[in-house]
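In what follows, a single structure is set out as structure tokens and then discussed.
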Amino acid sequence: MTPLTVPEINYGALLPLLIILGAACIAVLLEAFLPRHQRWPSQVVLSVVAIAAAGVALGVHASGTTAEDLTAVGETNAVTIAGALSVDRPAMFLWGTLLALGLASVLLIADRSVEPGGAIVASAMERAAVGGGKPVSAAPGTSEDRGYGAPDQAPTMQTEVFPLMLFALGGMMTFVAANDLLTMFIALEVLSLPLYLMCGLARRRRLLSQEAAVKYFLLGAFASAFFLYGLALIYGYSGTIRFAEISDSLATSTRSDSLLFAGLALLVVGLLFKGSVAPFHTWTPDVYQGAPTPVTAFMAACTKVAAFGGIARVLYVAFGDARWDWTPVLWVVAVISMVVGAVLGLAQTDVKRMIAYSSIAHAGFILLGAMAVTEEGVSGTLFYLLAYGFTTIAVFGVISLVRDADGEATAMSRWAGLAKRSPVLAGVMTFLLLALAGIPLTSGFTSKFAVFSAALGAGGAVLVVIALVASAVAAFFYLRLVVLMYFSEPPADGPSVVVPGAFTTVAITLGVLVTLLLGVLPTLALGWAGSGGFVG
């Protein structure tokens, strides 16, 4: 009988992930045992402290880990837990990005001054007093809101959102470090299920929020099924689920290549769905619009990082030797995503939906770097994810501040003349939109330059030309909103601009500063992003 072998576990490398998942479990216990009035402050403190502690642990480990350590099996080996996770340089960069974005997202979610009581619904079982018991899109203080009283007396938020967010964040960290397909699938579910629930927790416009959650859940279930079926076919081809062994089997397997290509196609479909890459993007506009805006910010920034971190790891480590087979297909997908995002974004009349189509176009740009399969491709992709994430967090923070009697004023027509009402907010939004458009001296320009250079070096000149045209088209709908804010008269019943609370102010300020610094001084971040490749 073969003796049981205990796998090596590098707790130092895994400590950031363990802190986040441990804090998520503690947060569940807080929900169970604390009185309701004590939950919000306890959950906020726990979430912020856990993310900060995980960041410190990551910094300590990264500062003492060299490139030689990451390729050796020793005290600081990158591959741990019997090869299930690979904590290499790209994984550590992505973990740092996710933790930073997660901290900003926690602050947006926790804010209770922009929306009295918070953007998250006060009770998961909240129902209207009228309308046959059906949930309605009611605002606190209306006759349809169970008589809670004036908006400034609105009850606090449903604090289960904090453990859900921590579990999602832990799933994302596991996803980008997964070293085999089964671990990646489990991480995919751990990050996805909390997001499905969080999307349906909006205090305002309840039906729209719940519809978004159902759409995301149903389409996400299909994407997970594609991923799992692809996993099975790849296992049938290679006899393994580990990335490094799959790579070895590409040269030695005697089985039909049909299993390989069918499995890879299904696997990539599941991954592209999470990255909002067209034509697997249909959930994105509806979910971005319907979800609570702080949740949309978290999902738009962090899920993009996790999805493309996973895509890059799969393509580089497991299927790098077959790139001549999958590259033409991803070229077509990247072009579709850029064109769909840029063209359909022109037709949007809602700010959140416009940013959704912008994210689809950006997904095509990021895919250019991920397809390069070079050190420049890794560096450019990681840098782009960092830059895009912080800009997006700040954009949704600004969107949450423009409000009218019905809540957030996301219709573009309601933003007319915003500069006359709040020059500072309009200026911040203009700067962020110019960053998304890729204007110089912003992180958007530097990140696009990085991925376009990587794609050009890998022989993708045609793709780069298409990307430049798509960027120019997308810039039109960003500038259209800028023109609307500065050169239109505000409507008489126009929305007001809410003074942000401390949490929202910190989140927006952090996003703006990072967007500016990565545009002016990108060297440090680019150097860290390019400090090492994926280890399988």
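The values are calculated or read from the model by the stated rules, or taken from the named source; none is laboratory data. Since the structure is predicted, the reported quantities are computational estimates derived from the model, not experimental observations. With ideal geometry, Cβ positions are generated from the backbone for all residues, glycine too; neighbour counts draw on all protein chains shown.
Of all residues in the stretch 1-59, which are closer than 19 Å to Leu169 by Cβ and among the hydroxyl-bearing types (Ser, Thr, Tyr)?
Ser42, Ser47
Can you tell me which residue among Leu481, Leu468, Leu436 is more than 24 Å from Val332 (Cα to Cα), modelled with pLDDT of 90 or more and either buried (at least 23 other Cβ atoms within 10 Å of the Cβ) or of a type in the set (A, V, I, L, M) (or both)?
So the residue among Leu481, Leu468, Leu436 that is more than 24 Å from Val332 (Cα to Cα), modelled with pLDDT of 90 or more and either buried (at least 23 other Cβ atoms within 10 Å of the Cβ) or of a type in the set (A, V, I, L, M) (or both) is Leu481.
Looking at Ala461, Ala370, Ala387, Ala394, can you tell me which residue is of a type in the set (Gly, Ala, Ser), crowded, with 24+ Cβ neighbours inside 10 Å, out of contact with any strand residue (DSSP E or B) (no Cβ under 9 Å at 6 or more places or on another chain) and more than 30 Å from Ser496 (Cα to Cα)?
After applying the criteria, what remains is Ala370.
Is it the case that some residue within the stretch 131-150 is at pLDDT 80 or above, acidic (Asp, Glu) and farther than 22 Å from Leu46 by Cα?
no
Scan the stretch 1-54 for residues that are within 17 Å of Leu101 (Cβ to Cβ) and of a type in the set (Gly, Ala, Ser) and jot them down.
Ala23, Ala24, Ser47, Ala50, Ala52, Ala53, Ala54
Sort out which residues of the stretch 223-232 are under 20 Å from Ser249 (Cα atoms), of a type in the set (A, V, I, L, M, F, W, C) and surrounded by fewer than 20 Cβ atoms within 10 Å (Cβ to Cβ), and write them in order of number.
Of everything in the stretch 223-232, those that are under 20 Å from Ser249 (Cα atoms), of a type in the set (A, V, I, L, M, F, W, C) and surrounded by fewer than 20 Cβ atoms within 10 Å (Cβ to Cβ) turn out to be Leu228, Ala232.
Just checking, how many residues over the stretch 243-302 are among the aliphatic types (A, V, I, L, M), in contact with a Leu (Cβ under 6 Å, 6 or more places away or on another chain) and within 19 Å of Ala232 (Cβ to Cβ)?
The number of residues fulfilling the criteria is 2.
For the stretch 17-45, which residues satisfy the criterion of being under 12 Å from Ala110 (Cβ atoms) and either touching a helix residue (DSSP H, G or I) at 6+ places or on another chain (Cβ under 6 Å) or among the charged types (D, E, K, R) (or both)?
Result: Arg39, Ser42, Gln43, Val44.
For (1) hydrophobic (A, V, I, L, M, F, W, C); (2) at pLDDT 90 or above; (3) touching a Lys or Arg at 6+ places or on another chain (Cβ under 6 Å), each residue gets a yes or a no:
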{"residue": "Leu195", "(1), (2), (3)": "yes, yes, no"}
{"residue": "Arg205", "(1), (2), (3)": "no, no, no"}
{"residue": "Glu211", "(1), (2), (3)": "no, yes, no"}
{"residue": "Leu218", "(1), (2), (3)": "yes, yes, no"}
{"residue": "Ala221", "(1), (2), (3)": "yes, yes, no"}
{"residue": "Tyr237", "(1), (2), (3)": "no, no, yes"}
{"residue": "Ala244", "(1), (2), (3)": "yes, no, no"}
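How many residues are at pLDDT 90 or above and either crowded, with 23+ Cβ neighbours inside 10 Å or basic (Lys, Arg) (or both) when one looks only at the stretch 276-288?
5
Could you grab me the full set of residues in the stretch 506-525 that are surrounded by fewer than 16 Cβ atoms within 10 Å (Cβ to Cβ) and of a type outside the set (A, V, I, L, M)?
Result: Thr509, Thr523.
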